[in-house]
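The structure appears right after this line, and notes come after that.
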Amino acid sequence: MWPDPLLPRNSLDLAANKTQAFWVTVQVSDDAVAGEYAGTVKLEKDGRALAEVPYSVRVWDFDLPQERHCSAVYDLRIGGQWLTGGKSSREVERDFWEFMAKRRVCPDSISPDPRIDYRDGEVIADFTEFDKAAAYYLDVLKMPHFYTPGMFYLFGWGHPPGNKFGEKPFEGEYPYEDTDRSKLRPEYKKAYQACLKAYWDHLKEKGWADRCILYISDEPFYGTQHIIDQMQALCDMIHEVDPEIPIYSSTWHHVPQWDGYIDVWGIGHYGVVPTDLMEEIKEGGARLYFTTDGQMCTDTPYCAVERLLPHYCFKYGVEAYEFWGVSWWTYDPWERGWHQYIRQSDEGKEFYAIRYPNGDGYLTYPGSGVGVKASRTSSLWPGCRTVSKLMPLSDSRV
């Protein structure tokens, strides 16, 4: 068994002597007067009132600040059923941005990416569409975080770096098994650095650089010497452009050989990095994220660690936590609560099939599966609505 999603319903068939729970969401405007408010849920059948259930809501005398000091970062992927209803992927993505901003969580990146090419030793860049999206994402929605575009991501797991801007990273042939991974090709460095500099200088000019993180590597195999060497060489390449560019990797553990190279450590939240070591890392000038891959799954509902992550961030001085999917699924989530097998490789040589945990990433559901049409004003996943208008009981300050 796994939890059911909350369906946006205001009617149902209920058999005698059965119980059905409802979740009621109340939204409070910024200018609401603090105090006690009363509401009523009316239960009707064929226009005839069966019962009224009173409830009250207390509005407290403070506002949540516009500026957020803890980033909850969720990978956002648009495809499949998200594209039913006549909207383009870009329009659906903007709906998601608004939906997430209202809930004070953050997508992982801004799209579309800028157009950056490297031709004959020169950078050709067009930031027009990126700037429009970034202005809305950062200046209007006040999102606190975004990763650099995928073109600057370099490697995952035990893989060598990918080719960038028409250049390969090392001499020899992929997967570079007999290559010294500490020595990048000069042509590779020149092309990557020129394009990164164009992007980073543009962010600084726009005033957006302080919310940007360069995601260099996902779960690098730090137990392998050539991966240690590779990470050091790549971080040096980036910091030669600007030592202020923050480099992030979801390492889970602390890797002493990468102190001074990685600026933002993605560590496990369940004690894999002791709290005293977390303080040492911060005292050394690095920053901390919690990486939580695989722990928000429908087959482990009683772990409920996602409820504790904001508290962990507050208590231990960690500025963000990240999870790899708010919208990723491989089967129709209204039909199956689990994933397909997919093909992958740890190091780019041998491939195998794997199925990720049940519902890993099933944190939102497309409304088309239950007859709900998304719009710009209503979120893709509207909660159950209140039936009656709230009326103030008093205007006393609390």
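The values are calculated or read from the model by the stated rules, or taken from the named source; none is laboratory data. In this text the structure is predicted, and so the values were computed from the model without any measurement. Positions of Cβ are backbone-derived with ideal geometry, glycine not excepted, and every protein chain shown enters the neighbour counts. These area figures cover heavy atoms from the full protein model, side chains too; ligands, DNA and RNA do not enter into them. Shrake-Rupley method; radii C 1.70, N 1.55, O 1.52, S 1.80 Å.
Trp328 passes every criterion in (1) of a type in the set (A, V, I, L, M, F, W, C); (2) at pLDDT 95 or above; (3) assigned to a loop (DSSP other than H, G, I, E, B) apart from (2). Checked against (1) under 20 Å from Ser217 (Cα atoms); (2) in contact with a Ser or Thr (Cβ under 7 Å, 6 or more places away or on another chain), Val318 passes all but condition (2). Scanning for something β-branched (Val, Ile, Thr) and buried (at least 16 other Cβ atoms within 10 Å of the Cβ), does the range 126-140 turn up at least one residue? Looking through the range 126-140, none of the residues is β-branched (Val, Ile, Thr) and buried (at least 16 other Cβ atoms within 10 Å of the Cβ).
I need a count of the residues in the range 51-93 that are among the hydroxyl-bearing types (Ser, Thr, Tyr) and part of a strand (DSSP E or B).
Restricting attention to the range 51-93, the residues satisfying the condition of being among the hydroxyl-bearing types (Ser, Thr, Tyr) are 55-56, 71, 74, 84, 88-89.
Going one step further and asking which of them are part of a strand (DSSP E or B), we end up with 55-56, 71, 74.
Number of matching residues: 4.
Quick one: in the range 161-184, which of the residues that are under 25 Å from the mean Cα position of the chain (by Cα) and open to solvent by 10 Å² or more (accessible area, probe 1.4 Å) is modelled with the highest pLDDT? Of everything passing the filter in the range 161-184, Lys164 is modelled with the highest pLDDT.
Among residues belonging to the range 19-59 that are of a type in the set (Asp, Glu) and surrounded by fewer than 12 Cβ atoms within 10 Å (Cβ to Cβ), point out the one that is nearest to the chain's Cα centre (by Cα). Of everything passing the filter in the range 19-59, Asp30 is nearest to the chain's Cα centre (by Cα). Restricting the range 294-325 to residues that are farther than 17 Å from Gly268 by Cα and either modelled with pLDDT of 85 or more or among the polar types (S, T, N, Q) (or both) leaves a set whose member that is surrounded by the most Cβ atoms within 10 Å (Cβ to Cβ) is Thr298.
Within the range 347-356, the set of residues being under 24 Å from His269 (Cβ atoms) and in a loop (DSSP other than H, G, I, E, B) comprises just one member, Tyr356.
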